[in-house]
Amino acid sequence: MTPEALPGEDQPVLVFHDVVKVYPLKAGDVTALNHISFAVNRGEFISIMGPSGSGKSTLLNLMGCLDTPTSGDIFIGGIRIGDMSDVELTNLRRDHIGFIFQYFNLFPLLNVIENVNFPQMLKSRAKVDEKKAVAVLRAVKLDEHLYVHTPLELSGGQQQRVAVARALINDPDILLCDEPTGNLDSKTGASIMELMAELNRNGTTIIVVTHDPRVASYTNRTIQIVDGRIES
Ligand SMILES: Nc1ncnc2c1ncn2[C@@H]1O[C@H](COP(=O)(O)OP(=O)(O)O)[C@@H](O)[C@H]1O
Ligand SMILES: [Mg+2]
């Protein structure tokens, strides 16, 4: 796979085919995902909803290649991730997938610009494009005077904007979000979702895990998951 373009322009960006995820525990196996199949097309804006423990985070972790299925196949840009080496998977995550989490997960000792530049540095230490960081921070509408502040000097909503900018810096094909507004008040959460909707209108494929119907209302399709199965 080339680091530049995700292959398979004409194919769904993400496909799950009969995916099972079992966590083996001493007390007995836990089947977190039970024969899951679905496809996500380029440009979609999808929410994944379901009760606590239904398998939402497991699903998102598999989509982001942070974990592997017990059985079944996952394809990203038409490539079966089970056929990829660890290095190829690391590069796939770095170059094509952006993550946003409930607790922002910013580096506390780095300022805003340094946080946003971090994924660029992982890609190429020699080629950090400072203009790019400013461009994505403008896109998430963070005030310029905050660029040299550290995360603890920012509000929750401002921190999540930085996290979104960091997820966007390497131009991901897919943005994966696990309860991105779960730690924000409802007004701030709404402004983050409006930002996501704008990014989606500009072409980014977004998948957001949430138990909040207000968050799901911003998306164009909802996948309901109960006890590790998709409810149709
Ligand atoms: N690392 C793990 N080890 C063992 N069991 C796990 C692990 N992660 C999740 N589970 C179990 O898998 C099921 C689905 O969990 P999860 O995907 O976190 O659900 P959700 O995000 O919808 O709350 C739950 O029963 C949970 O306890
Ligand atoms: Mg979860």
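Laboratory data are not the source of any read-out in this text; all were calculated from the coordinates shown. As the structure is a prediction and not an experimental result, all values here were calculated from the model. A quick note on method: Cβ atoms are made from the backbone with ideal geometry, for glycine too, and the neighbour counts reach across all protein chains shown.
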Can I get the semi-axes of the stretch 73-176's equivalent ellipsoid? Compute them from the C-alpha gyration tensor as square roots of 5 times the eigenvalues, in angstrom, largest first.
27, 14, 12
Report the full-extension gain for the segment Asn202 to Arg214: residue separation times 0.36 nm, less the Cα-Cα distance, to one decimal in nm.
2.2 nm
What shape does the stretch 38-79 take by its C-alpha gyration tensor, where a ≥ b ≥ c are the square roots of the eigenvalues and a/c under 1.5 counts as rounded, a/b above b/c as prolate, and the rest as oblate?
oblate
Of Ser232, Phe101, Ile76, which is farthest along the charge dipole of the chain in the positive direction, counting Lys and Arg as +1 and Asp and Glu as -1 at C-beta?
Phe101
For the chain, give the magnitude of the charge dipole about the Cα centre (Cβ charges: +1 Lys/Arg, -1 Asp/Glu; no others), in debye to the nearest 20.
280 debye
Peptides ranked, highest mean first, by Cβ atoms within 10 Å: ranges 174-182, 77-85
174-182, 77-85
Spread of Cα-to-Cα distances over 10 Å intervals beginning at zero, given as percent, for the stretch 108-160
25, 56, 19, 0
Summing +1 for each Lys or Arg and -1 for each Asp or Glu, what net charge is found among the other residues whose Cβ lies under 14 Å from the Cβ of Asp67?
+1
Two-decimal ratio, the stretch 55-108, of alpha-carbon radius of gyration to 2.2 N^0.38 Å
1.22
12 Å beta-carbon shell around Ile81, net charge (K/R +1, D/E -1):
-3
What the Cα atoms of the stretch 8-87 span along the principal axes, largest first and in whole Å, is 45, 30, 20
PRE reach from Arg138 (point 7 Å along Cα→Cβ): which of the stretch 87-123 fall under 13 Å by backbone N?
none
Which residues does a label at Val20 reach in the stretch 45-81, if reach means a backbone N under 12 Å from a point 7 Å past the Cα toward the Cβ?
70-73
Mind checking the stretch 1-108 for GluC sites (Glu not before Pro) that DSSP puts in a loop (not H, G, I, E or B) and that have at most 16 other Cβ atoms within 10 Å?
Glu4, Glu9
Per-residue ³J(HN,Hα) for the stretch 222-232, Karplus 6.51 cos²θ - 1.76 cosθ + 1.60, θ = phi - 60°, Hz, x for Gly and Pro
10, 9, 8, 10, 9, 6, x, 10, 7, 8, 10
Taking one equal scatterer on every alpha-carbon of the chain, how large is log10 of I(q)/I(0) by Debye at q = 0.13, 0.14 1/Å?
-0.78, -0.91
Place the peptides 16-26, 184-194 in order of packing, highest mean first, counting for every residue the other Cβ atoms within 10 Å and averaging per peptide.
184-194, 16-26
Span per principal axis, largest first, for the Cα atoms of the stretch 112-232 (Å)
48, 29, 25
Between Tyr103 and Val128, what is the label-to-label distance in nm when each label sits 7 Å out along the Cα-to-Cβ direction?
2.6 nm
Interchain or long-range residues, amide H under 5 Å from Arg42's placed H:
Val13
Expressed in nanometres to one decimal, the distance between label points 7 Å along Cα→Cβ at Asp83 and Asn41 is 2.5 nm
Cβ crowding within 10 Å averaged over residues, with 68-74, 111-117, 134-140 ranked highest first
111-117, 134-140, 68-74
What is the list of residues in the stretch 72-88 whose amide nitrogen lies under 13 Å from a point 7 angstrom out from the Cα of Arg94, following Cα to Cβ?
86-88
Restricting to bridges with both residues inside the chain, how much of the DSSP beta-bridge set is antiparallel, in percent to the nearest 5?
50 percent
For the stretch 39-128, run through the chymotrypsin sites (Phe, Trp or Tyr not before Pro) and keep only the ones in DSSP coil with at most 16 other Cβ atoms within 10 Å of their Cβ.
Tyr103
